[in-house]
Amino acid sequence: MEKILPVEEMVDYEEFTDRVEILRELDNWIKNIQKMTSPSTAIISPRRLGKTALLDRLVNTVFFKPEYQVAPFYFRMKREDTTLRSFLLEYATGFFRQYIAYCIQDPLLYKNKIIKLKQLIQISSEHQAVKQAQDMMKDFLIMYQDTSDDDVRNQWDAMVTLPEILASHSGTRVAVIIDEFQDMKFYVHNVNEEQLKQIRLERNSTPELRGTDLTATYDRQSQSRKAPMLVTGSAVTLVFRTVMGGPLGGRFDFLYLKPLSIPDGAALLQTLLPLYSPNTPISPENALYASIQTEGHPYYLYCLSVSKCENKTFDSQKSIDNVLDYEIQKGKIYGFWQTHFENNRKYINADSDEKIGKKIVYYFTRYSNEPVKIDAIAKKLDIPKKVVEEKIEKLYQADLVYRSAAKFYSFNDICLMRYIKFVYEHDLDDVTRVDLSQKICLIP
């Protein structure tokens, strides 16, 4: 009989490759909460590197370790506008449901999102932590039913502290795990339902519309050792600023999720192809070549495996190049980056001279995972250094660049560079062509 897991994983069990070391590190992080030695931590990762799959697997692993006495509270932020009152009830119900499910080791309860607080209160259990949680639920419901929309913010502030209070009283600690933490700035609004309708209309024309910033309400919780936080975000620049600055500044450690190693990327592709393209074999050598071309990026390897490229084969380096070119120019990789550029056009296209702006982005592709040489780009285009600096800052805000030691770096992403080269060369006929082949380590 197939084992029932508390979280339905987004990636098939067979597709989950590598990540052994970081899973072990996170497992130890949860285990050590009982010793109160685990600080709040942020996982920094560009989109599509598998952070949600990692969290799914982590929760499914530690849930079945009652000896840890640490309940994983796993909350995924949704990009849907909602009132603070509705969000408060969803958050509280999720916390109490998952906490009780861990205590009584019931994975079906953990994933049961339709159960109500009143039903949770009626669960019969001799577990002392469950009884204490049920007492807190009764108090929460009384306050929630008596609280007006004007006072809901105070109850939210109280709710944020409940995991630590319950962990302190019961002895069963809590790991507060929030995926896409930065979205707590945007989609929850301290308004009534009528006002929310207007906000939803505004969202259509103003995608970056902000809500009530709930991230700031975790200033005390983020310092807890009995219920520390593990947060992630795919908007790297924004989540980094959220946990590094303002009320949360200095309260988080960091883990960086990188692409797979080249051998593990090759192993992933060899696993994916029989699942999604069963009549398309690949040799170990060619799998390594494909992994090198994508720099072990799991999403790009998935795109190769499901590609709609006509006459798709992986029997030579040339055929692999053809499939990858198709994906970058017409397929899923193209769609992924095209959407990202459109969603961030207010940064990427905010230039007084559009052509100069495009040239800066184009020459930027020379620098994959190395410091961007602002002086060199300025000299090449015969423009002031300040113009290049301002453009690179915009690219940083658009999550195309990360910053370290006061220098701008590009992400280590050759497929992104190829996408930029493909799109921008069509519009620029007076630039020195960038040769990205030098960025790729070829197999002899």
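The values are calculated or read from the model by the stated rules, or taken from the named source; none is laboratory data. Computed from a predicted model, the values in this text were never measured in an experiment. All Cβ positions, glycine included, derive from the backbone under ideal geometry; neighbour counts span all protein chains shown.
Values for this structure:
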| read-out | value |
| --- | --- |
| Matching option when the condition is of a type in the set (Gly, Ala, Ser), under 23 Å from residue 36 (Cα atoms) and surrounded by fewer than 15 Cβ atoms within 10 Å (Cβ to Cβ), among 148, 168 | 168 |
| Any hit, segment 2-12, residues being surrounded by fewer than 16 Cβ atoms within 10 Å (Cβ to Cβ), free of Cβ contacts under 8 Å to residues at least 12 places away in the same chain and outside the structural domain of residue 240 (by TED's automatic domain parsing) | yes |
| Members of segment 216-264 that are of a type in the set (D, E, K, R), in contact (Cβ under 8 Å) with a residue 24 or more places away in the chain and farther than 20 Å from residue 35 by Cα | 219, 258, 264 |
| Residue match in segment 109-128 (condition: touching a residue at least 60 places away in the same chain (Cβ under 8 Å) and farther than 24 Å from residue 251 by Cα) | yes |
| Flag if residue 37 is closer than 22 Å to residue 235 by Cβ and either touching a residue at least 12 places away in the same chain (Cβ under 8 Å) or surrounded by fewer than 21 Cβ atoms within 10 Å (Cβ to Cβ) (or both) | no |
| Yes/no for residue 345 being of a type outside the set (A, V, I, L, M, F, W, C) and modelled with pLDDT of 90 or more | no |
| Number of positions in segment 234-252 that are in a loop (DSSP other than H, G, I, E, B) and out of contact with any Ser or Thr (no Cβ under 6 Å at 6 or more places or on another chain) | 5 |
| Among (1) assigned by TED's automatic domain parsing to the domain that holds residue 302; (2) farther than 30 Å from residue 296 by Cβ, the one test that residue 382 misses | (1) |
| Flag if residue 255 is part of a helix (DSSP H, G or I) and over 21 Å from residue 165 (Cβ atoms) | no |
| Segment 346-377 - residue that is buried (at least 18 other Cβ atoms within 10 Å of the Cβ) and of a type in the set (A, V, I, L, M, F, W, C) and, of those, nearest to residue 420 (Cα to Cα) | 361 |
| Residue list for segment 285-299, restricted to those being part of a helix (DSSP H, G or I), of a type in the set (S, T, N, Q) and under 27 Å from the mean Cα position of the chain (by Cα) | 291, 293 |
| Elements of type helices (runs of 4 or more DSSP H) contained in segment 8-114, each with 3 or more residues being modelled with pLDDT under 95 | 20-31, 51-62 |
